[in-house]
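Enquirer: Handing you a structure now.
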Amino acid sequence: MAGMTDTAFRRLVKRHGGCGLVVTEMVSAEGLVRGIDRTLEYAEFTDEERPIAIQIFGGDPDKMAAAAQIVEGMGADIVDVNMGCPVPKIAKHNAGCSLMREPAHAAGVIAAMTRAVSIPVTVKMRAGWNDDERNAPTLAKLMQDAGAAAVAVHGRTAAQSYSGSADWDLVAQIAEDLTIPVFGSGDCIEPEQIVARIRSGVEGVLVGRGVLRNPWILAQATDLIAGRPPREVTLADRGRFLLDYIDLLLLERVRDDESRNTSPYESRIPNPESRHHRWVVNKLRALASWYTKGLENGSHLRTAINSSESLDALGHTIETFFFDAPAAPSRKGAVPLLLESV
Ligand SMILES: Cc1cc2nc3c(=O)[nH]c(=O)nc-3n(C[C@H](O)[C@H](O)[C@H](O)COP(=O)(O)O)c2cc1C
């Protein structure tokens, strides 16, 4: 998920269990081909995350094929194509969901990629562009014929963006029609919903926002499938997750740094004012906008994180809310996750 599921976040989720496949945030095929540093950073992953798919976006068959070769060269297990992004900045470049509007061209992109690499090429799409163009069933079939190894369908149109609800009947119909594996995506924010969707005939479920809210959701769904009660997640567990995330982010791209100071949260930062420091704070703010949803007093935490200007202040905010706050639920008690619509 763009801006959210970086390698540090993915590793932490994977460590909690239940995750069968990890997908990177979408990265630009053009950026990969041109060797843009930022793009290459978005595509970084560690062995711990395997099996891993790198998702690319773009609309030019030759560039997509060249980008797929770069992805293969980076050691990814799968190269996934984004045909679902509704954001105009992406869609206007003939990429993302706008590829669904040109099925023959989209098939050409997949065919060029499958000729260029030996790793599986997969496709992530939406239900269609808008209500008049809900062509996922025919497009998915075309992708299969063009050589795609699997498709994933988010059951909303681009026009819907995130409004309404995902059409899982459509996903189930596609799963029935195709011989390749079909994955579904959309609106699983409780582990029980994942289990119900898995039993609807799809090969698997891609969970997006639910993981940003509750990184244990995949492990909890696995518990349910195994006939166990879903594992309890305490407030301390949730606080620990954020501190671990900070730790991993701090280690990104400063691995060689030896400097230390006395602050527990700034100890790994060569210069507390550095851009890296600011980047970590911003990463935590982005995650907090999802992570605090449904959490008791979550809006207070969100405000406090957004006003924590330094990493040290951020660390203290987390400590206070998750470990010290007298008003907050006990560390040993289960976190009261309240259902609310996203
Ligand atoms: C912040 C955000 C970023 C996303 N980035 C991507 C992306 O890079 N690639 C992609 O295929 N889908 C992306 N999605 C869509 C999700 O993968 C998913 O299909 C959609 O959110 C519906 O599933 P959910 O209800 O489980 O979140 C993104 C969604 C959100 C909310």
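Readers should treat all values here as calculations from the given coordinates under stated rules, not as data from a laboratory. On a predicted model such as this, the values are computed, not experimentally measured, just so you know. Using ideal geometry, Cβ is built from the backbone for each residue, glycine included, and neighbour counts are taken over all protein chains shown.
Enquirer: For D132 and I225, calculate 0.36 nm times their separation in residues minus their Cα-Cα distance, and state this gained length in nm to one decimal.
Expert: Roughly 29.7 nm would be gained on extension.
Enquirer: May I pose another question? Give the peptides 16-24, 53-61 in descending order of average Cβ contacts within 10 Å, highest first.
Expert: Order by mean packing, descending: 53-61, 16-24.
Enquirer: More than 37 angstrom separation, counting every C-alpha pair in the chain; what % is that?
Expert: 20 percent
Enquirer: In addition: If you keep only loop residues by DSSP, which trypsin sites (Lys or Arg not before Pro) in the range 77-130 have at most 15 other Cβ atoms within 10 Å of their Cβ?
Expert: Hits after loop and neighbour filter: K92.
Enquirer: What does the convex hull of the alpha-carbon atoms of the range 176-234 project to on average, in nm²?
Expert: Mean projected area for the range 176-234: 4.2 nm², to one decimal.
Enquirer: Debye sum, Cα scatterers, the range 2-80, no solvent: what log₁₀ I/I(0) at q = 0.16, 0.25 1/Å?
Expert: -0.53, -1.16
Enquirer: Quick one: what does P(r) look like for the range 276-324 with 5 Å bins over all Cα pairs, in whole %?
Expert: Final binned percentages: 5, 24, 34, 25, 10, 2, 0.
Enquirer: I would also like to ask the following. Under a 5 Å amide H to amide H cut-off, with H placed in plane at 1.01 Å, what residues pair with D80 once short-range neighbours are removed?
Expert: I54, Q55, I56, T122
Enquirer: Tally the DSSP beta bridges in the chain and give the antiparallel ones as a percent, rounded to 5.
Expert: Given both bridge residues lie in the chain, the antiparallel proportion sits at roughly 5 percent.
Enquirer: Moving on to the next point. Beyond 27 Å between alpha-carbons counts as too far, so tell me which of K92/K293; K14/K63; K124/K283 fall in that bin.
Expert: Table pairs above 27 Å Cα-Cα are K92/K293; K14/K63.
Enquirer: Which value results when the Cα radius of gyration for the range 58-111 is divided by 2.2 N^0.38 Å?
Expert: Normalised Rg, Cα atoms only: 1.12.
Enquirer: Another question, then. For R126, what residues show an amide H to amide H distance below 5 Å, using hydrogens built from the backbone and excluding near sequence neighbours?
Expert: Residues meeting the criterion, in which the H sits 1.01 Å from N, are H154.
Enquirer: Based only on Cα atoms, what mean projected area does the convex hull of the range 23-128 have, in nm²?
Expert: Result: 6.0 nm².
Enquirer: Let me ask you something else. From the helices alone, meaning DSSP H stretches of at least four residues, give me the mean residue ellipticity at 222 nm for the chain, per-run term -39500 (n - 2.57), in deg cm²/dmol to the nearest 500.
Expert: The helix-only estimate for the chain comes to -12500 deg cm²/dmol at 222 nm.
Enquirer: What distance in nm separates the two pseudo spin-label positions at R38 and S274, each 7 Å out from Cα along the beta-carbon direction?
Expert: My value for the distance between the label points is 2.0 nm.
Enquirer: Could I ask something else about it? How big is Rg to Rh over the range 128-209, alpha-carbon atoms, Rh as the Kirkwood inverse-mean-distance radius?
Expert: Here the Rg-to-Rh quotient is 0.95.
Enquirer: Are there any GluC sites (Glu not before Pro) in the range 155-233 that are in a DSSP loop and have at most 14 other Cβ atoms within 10 Å? List them by number.
Expert: Taking the range 155-233 and a limit of 14 other Cβ atoms within 10 Å, the loop GluC sites (Glu not before Pro) found are E232.
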